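The values are calculated or read from the model by the stated rules, or taken from the named source; none is laboratory data. Remember, it's a predicted structure, so these values are computed and weren't measured experimentally. A quick note on method: Cβ atoms are made from the backbone with ideal geometry, for glycine too, and the neighbour counts reach across all protein chains shown.
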Amino acid sequence: MLDKIKEHIAKVEAFSASTLEDVEAFRIKYSGRNGVVNDFMAEFRNVPNELKKDYGQVVNKLKTVALEKVNTLKEALEDTNDTASTINDLSRPGEPISIGARHPISIVKNQIIDIFSRIGFNVSEGPEIEDDWHNFTALNLPEYHPARDMQDTFFIQTNPDVLLRTHTSSVQVRYMENNKPPIRTISPGRVYRNEAISGRSHCFFHQVEGLYIDKDVSFADLKQTLQYFTTEMFGKSKIRLRPSYFPFTEPSAEVDVYWGLETETDYKMTKGTGWLEIMGCGMVDPNVLENCGIDSKEYSGFAFGMGIDRIALLLHQISDIRMLSENDIRFLEQFKSAL
């Protein structure tokens, strides 16, 4: 009798099932009211006294093994069914996906592009690794020109004629070489200068430079274009132009916008004057036009350039320019609601 019970224990341990119905049938066979375990229990009264202890232990083991087997198979099959139904249930709510945010540089750049596109400016791009001609010489900065010292340049060590562009004016040169007037384009992009990194400056930053060339273009056209831009970008219509010097424009000017003195931050940004410098501009030097194959006697034009990073700092009240390149998620998440 003991051997027969042990055979059933071995069968129980080896049993497997692919459906819950099979598991239920197995449970009824061994643990049901008329099951194998109860049959062996009923035989207990007929077992000799000296074997009752061993008999009872083996029957209890069969009962325990059968119960554990049923529970184990049930759990495994229910988990499988739940997973399958979960995967195939298209009505289930989706997993929450964190919404990304545009970088503040991208937000401001896109705003600038949108503003100028409304008045017919297209977008032109060029390489960040430039040659001397497009970055300096064609822009009225020949070799040994003192104004080259205004831009501390990263040169490629193996080839002194190759460098990281110091401004996106190089893109304008390439555009003029390959397109005939009228020309109306803006050139956004990243530029590099060998400057110490601090809260106010970085060794790389972003610019947008604009160029308009046609017949009879005047300084008044330049001023009206800048007036339109500052009104659209900042909501400030009051600007002033101060005489300045740039090798590739003549005459040249710095553009200030009246920011106001409404808050303590305004006083700090404008040094108590209310005026804030935002860009440089001027009429394109005839030498630059001639270098690019454009007849300076027939055509004239204006150019302007501004730092995207600086405008982003102003618009979003960011105190440290380094925050724009550190990729701190806590900082970037603030711009989820921006454009």
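Here are the numbers:
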{"quantity": "Pick from region 131-151, criterion at pLDDT below 75, part of a helix (DSSP H, G or I) and under 13 Å from T166 (Cβ atoms), ranking: farthest from the chain's Cα centre (by Cα)", "calculated": "A147"}
{"quantity": "Unique match (being more than 21 Å from S124 (Cβ to Cβ), β-branched (V, I, T) and out of contact with any Ser or Thr (no Cβ under 9 Å at 6 or more places or on another chain)) among I156, I183", "calculated": "I156"}
{"quantity": "Subset of region 242-266 (residues that are charged (D, E, K, R) and either in contact (Cβ under 8 Å) with a residue 40 or more places away in the chain or surrounded by 14 or more Cβ atoms within 10 Å (Cβ to Cβ) (or both))", "calculated": "E250, E254, D256, D266"}
{"quantity": "Condition broken by V58, with the remaining ones in (1) more than 18 Å from E7 (Cβ to Cβ); (2) modelled with pLDDT of 75 or more; (3) in contact with a Leu (Cβ under 8 Å, 6 or more places away or on another chain) satisfied", "calculated": "(1)"}
{"quantity": "Failed item in (1) at positive phi; (2) at pLDDT 95 or above, with M283 passing the rest", "calculated": "(1)"}
{"quantity": "Candidate set: region 305-314, residues that are out of contact with any Ser or Thr (no Cβ under 8 Å at 6 or more places or on another chain) and in a strand (DSSP E or B); chosen: the one surrounded by the fewest Cβ atoms within 10 Å (Cβ to Cβ)", "calculated": "G307"}
{"quantity": "Enumeration of residues in region 12-24 that are surrounded by 13 or more Cβ atoms within 10 Å (Cβ to Cβ) and either out of contact with any helix residue (DSSP H, G or I) (no Cβ under 9 Å at 6 or more places or on another chain) or farther than 12 Å from V65 by Cα (or both)", "calculated": "A17, L20, D22, V23, E24"}
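Results for (1) in contact with a strand residue (DSSP E or B) (Cβ under 7 Å, 6 or more places away or on another chain); (2) among the acidic types (D, E); (3) more than 17 Å from L73 (Cβ to Cβ), shown as yes or no for each residue.
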position: D3; (1), (2), (3): no, yes, yes
position: K6; (1), (2), (3): no, no, yes
position: E13; (1), (2), (3): no, yes, no
position: A17; (1), (2), (3): no, no, no
position: L20; (1), (2), (3): no, no, no
position: F26; (1), (2), (3): no, no, no
position: R33; (1), (2), (3): no, no, yes
position: D39; (1), (2), (3): no, yes, yes
